[in-house]
Amino acid sequence: MSKQLTVDDFQQSLNGHVATKGDEIQDKYGPHIGWNELLNVLEDRSVVRYPCEITFDAAALQEGEVAHPLAKGEKPEEGFTICVHPFFATQLSSVPHLVLYQLVLVNYGDFASTDDAETFASHALGLSKEDYYKALCGLADQIES
């Protein structure tokens, strides 16, 4: 008799998968993921399922948001525009922290949680989850002040 998978089983499985994908990015493009490495990551279909481009535009962002992916069409294959708050256009070294978080939504849609996004980005950047979260909050705080 086979065991039915629960939502918790699926969530644990997805979190392990995104950790592995983050590690792949770190192994392939690290140890430091800066702006140029991020652009290469976005072109790599083994870790980013759909085409993505970055734009520095806050029009589509909700209050307090620093970045968000927008679908370019009805199908994910049509690609995404990752809107990043224009404040960060002069801080390109910070942009990977913001964009890597969003890539979990691009790759997995609504199935992904904030925990999955933090896991993926922290592994990709080679940081502990706690250090990544602190850095992300620090970046978000810059536009709120």
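The values are calculated or read from the model by the stated rules, or taken from the named source; none is laboratory data. As the structure is a prediction and not an experimental result, all values here were calculated from the model. Neighbour counts are summed over all protein chains in view; Cβ atoms, including those assigned to glycine, are modelled from backbone coordinates with ideal geometry.
Taking the residues in the range 6-20 that are at pLDDT below 95 and of a type in the set (A, V, I, L, M) as candidates, determine which candidate is surrounded by the most Cβ atoms within 10 Å (Cβ to Cβ). Restricting to residues being at pLDDT below 95 and of a type in the set (A, V, I, L, M), the top hit is Leu14. On the basis of being surrounded by 15 or more Cβ atoms within 10 Å (Cβ to Cβ) and under 27 Å from Ser13 (Cα atoms), does Cys137 make the cut? In short, no.
The C-beta contact set for the range 60-71 (first residue closer than 18 Å to Leu42 by Cβ and without any contact (Cβ under 8 Å) to a residue 12 or more places away in the chain, second residue buried (at least 19 other Cβ atoms within 10 Å of the Cβ) and hydrophobic (A, V, I, L, M, F, W, C), distance under 6 angstrom, 6+ apart or interchain) comprises Ala71/Phe80.
Answer with yes or no whether Tyr101 is out of contact with any Gly (no Cβ under 6 Å at 6 or more places or on another chain), aromatic (Phe, Trp, Tyr) and farther than 16 Å from Glu65 by Cβ. Before you say what the answer is, go through the steps one by one.
Details: out of contact with any Gly (no Cβ under 6 Å at 6 or more places or on another chain): yes; aromatic (Phe, Trp, Tyr): yes; farther than 16 Å from Glu65 by Cβ: no.
Considered against the rule, which asks whether it is out of contact with any Gly (no Cβ under 6 Å at 6 or more places or on another chain), aromatic (Phe, Trp, Tyr) and farther than 16 Å from Glu65 by Cβ, Tyr101 comes out as no.
If you check Glu53, Glu65 for being on the phi < 0 side of the Ramachandran plot, in contact with a strand residue (DSSP E or B) (Cβ under 9 Å, 6 or more places away or on another chain) and in a strand (DSSP E or B), only one passes: Glu53.
Once the range 54-78 is narrowed to residues that are charged (D, E, K, R) and within 16 Å of Cys137 (Cα to Cα), the residue that is modelled with the lowest pLDDT is Glu63. The number of residues in the range 21-60 being hydroxyl-bearing (Ser, Thr, Tyr) and surrounded by fewer than 13 Cβ atoms within 10 Å (Cβ to Cβ) comes to 1. A search for C-beta distances below 6 Å between a residue of the range 15-37 that is farther than 23 Å from Leu92 by Cβ and any residue that is acidic (Asp, Glu), counting only pairs 6+ apart in sequence or on different chains, returns Asn15/Asp116; Val18/Asp116. The set of residues from the range 99-131 being touching a Ser or Thr at 6+ places or on another chain (Cβ under 7 Å) and either surrounded by fewer than 19 Cβ atoms within 10 Å (Cβ to Cβ) or on the phi > 0 side of the Ramachandran plot (or both) comprises Ser128, Lys129.
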